[in-house]
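*Asks:* Below is one structure. I have some questions about it.
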Amino acid sequence: EGWLRSLFCGRGAMNGNANGLEEPPADPAQVAAAPLLAPCRLRSFPVAVQFGVSDRATSAGGYGANEETSVDWQQSQGQVMLIHRIEGQLPERRPWTEEDVKVEMSSTSLQVTLAGEPLKALTGNFLAQIFVFKSWWAVEDGCLIINLYKRELSSWKFPWHGKTQGMFKRQAFPWTQPQRELGGTQIIAGQSNPNLQDVPKEEELEEKAPGRPPLEAGELLPDGSGVVPAVPGALFATRSPSYVCAPDDLCLGVTAEQTSHSIVVEVHFETERFEQLKARYPLEAVLAADVWENAICIFFQGDKQNPIVWGELDGKVVPRGTTWRMTSSDSMRSRQLTASKYSPALQVKMSKSPAGATWSKVFRECWQHRLMVKEITEAGPQRFQGLADGKTFYRAGYNLNDPDFWGNVDGYVNATMKRSGVDSAPRKLL
């Protein structure tokens, strides 16, 4: 106990301060990296069992673009991974490398070349659209691995269209006047939504450079041998290159409740902002949650040091039994600009241990990020309220123009002075 407090030691709190905390400053990555505190890391939304992992034994054909059997695949709701074992030998009898492979992608298709020859098994049209800019590929242990990010959370029956190729050339009928004004050649799924008008379409094939994307501090290494070390600076570290957004850009509420068998925490998003985000960026590259047996952290990837909510639970849960999903919640519909629209929320559901245990409350202690601005008054911006018992912390990071930075400086100095006992005036150096 006390490891949770160490995360926010030195940070000023907007509704209090952290001066009474005695532990040294730390950041979420350092806490997550502790061997005894290894969390259940939620980074992708699972699909139903029948869609989850390829199984040639039950398939009438293979999973290549032309039903070749040399391709295996697996998926989540937001990603598809294609795996092809490269066969044959190069003239020099050397191993295959990424220099021998050329991968071109568009939002609707894939084209792969091996040693200058087209690879038919990985050349074709996808079942649905993908984000090219986040997708990646690599050659590892003699296998060509291609990881694709879907543009919509969904379950694919197969990676390719096969006999239904060409669906992306179809045009929808303009049912409404706004659609007619856009023009018949522009009416495709979702395009009448104003949030989607300037979304990059990535329609043309472009060559992708090889390599896995860099991982954030505290994330598991691909081989499972450990985690990425924490970045220097801790509380005052510079912004991550993978930063996309902050909680106060689109979060308008956080709720937590319990039943006899489970704990449910929901993060609620403003509909228009959420639509803009998911149209431009894959949700599985943004949303994340870590669950321990006695704590939970929900955050945006690229901004892990400023979690949406981080709480120490009042009891214990089964981390590996945690589920999460995107849902719609009526409880925050009144906070939406348009109450008639759905109210998107990220739901994390944890199983109590033991089942049926009675907790006096959900969180023993909870810290949360400031939420969206509700309105501007003479007293200044008024923000939506988060959890009633949660403390709102100042944002971490290095930004001299942000008042939160100086609030953290004050908190850090006060905590350091209390720990070291140095509170006297400077002494003259001899």
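The values are calculated or read from the model by the stated rules, or taken from the named source; none is laboratory data. Predicted, not measured: the structure shown is a model, and the values here were computed from it. Cβ placement follows ideal geometry from the backbone for every residue including glycine, while neighbour counts extend to all protein chains displayed. For the accessible areas, the whole protein counts, side chains as well, though only heavy atoms, and no ligand, DNA or RNA atoms are used. Shrake-Rupley method; radii C 1.70, N 1.55, O 1.52, S 1.80 Å.
*Asks:* Within region 228-250, whose backbone N sits under 17 Å from a point 7 Å along Cα→Cβ of residue 402?
*Replies:* Residues 231-250 qualify, since their backbone N sits under 17 Å from the label point.
*Asks:* For residue 147 and residue 376, compute 0.36 nm times the residue count separating them, minus their Cα-Cα distance, and round to one decimal in nm.
*Replies:* 78.1 nm
*Asks:* Over region 69-147, with every protein chain in place, what whole percent of the accessible area is carbon and sulfur at 1.4 Å, could you tell me?
*Replies:* The nonpolar share, carbon plus sulfur, comes to 46 percent.
*Asks:* Could you work out the relative contact order of region 234-297, using alpha carbon pairs under 8 angstrom and six or more residues apart, expressed as a whole percent?
*Replies:* 22 percent
*Asks:* I would also like to ask the following. To the nearest 10 square angstrom, what accessible area does residue 342 show with a 1.4 Å probe?
*Replies:* Accessible surface of residue 342 is approximately 90 Å².
*Asks:* Then there is this: Determine the gain in length on full extension of the stretch residue 48-residue 264; use 0.36 nm per residue of separation and subtract their C-alpha separation, reporting nm with one decimal.
*Replies:* In short, 75.7 nm is gained.
*Asks:* Between residue 314 and residue 418, how high is the FRET efficiency from 1/(1 + (r/R0)^6) when r is the Cβ-Cβ distance and R₀ = 41 Å? Nearest 0.05. Write down the numbers at each step before the final one.
*Replies:* Details: r = 28 Å, r/R0 = 0.68.
So the FRET efficiency works out to roughly 0.90.
*Asks:* Just to verify a number: FRET efficiency for residue 238 and residue 360, C-beta to C-beta distance, R0 = 41 Å, to 0.05?
*Replies:* The formula returns an efficiency of 0.50 here.
*Asks:* Here's something else I'd like to know. Could you state the accessible area per residue of region 218-283 in Å², with a 1.4 Å probe and every protein chain left in place?
*Replies:* 43 Å²
*Asks:* Relative contact order (percent) for region 320-430, with alpha-carbon contacts under 8 angstrom and 6 or more residues of separation? Can you show the working numbers first?
*Replies:* Details: 96 pairs, mean separation 16.4, N = 111.
Once divided by the residue count of region 320-430, the mean separation gives 15 percent.
*Asks:* Here is a follow-up. Mind checking which aspartates and glutamates have their C-alpha under 15 Å from residue 316, skipping anything on the same chain fewer than 8 residues away?
*Replies:* Candidates past the 8-residue exclusion: 1, 257, 290, 293, 365.
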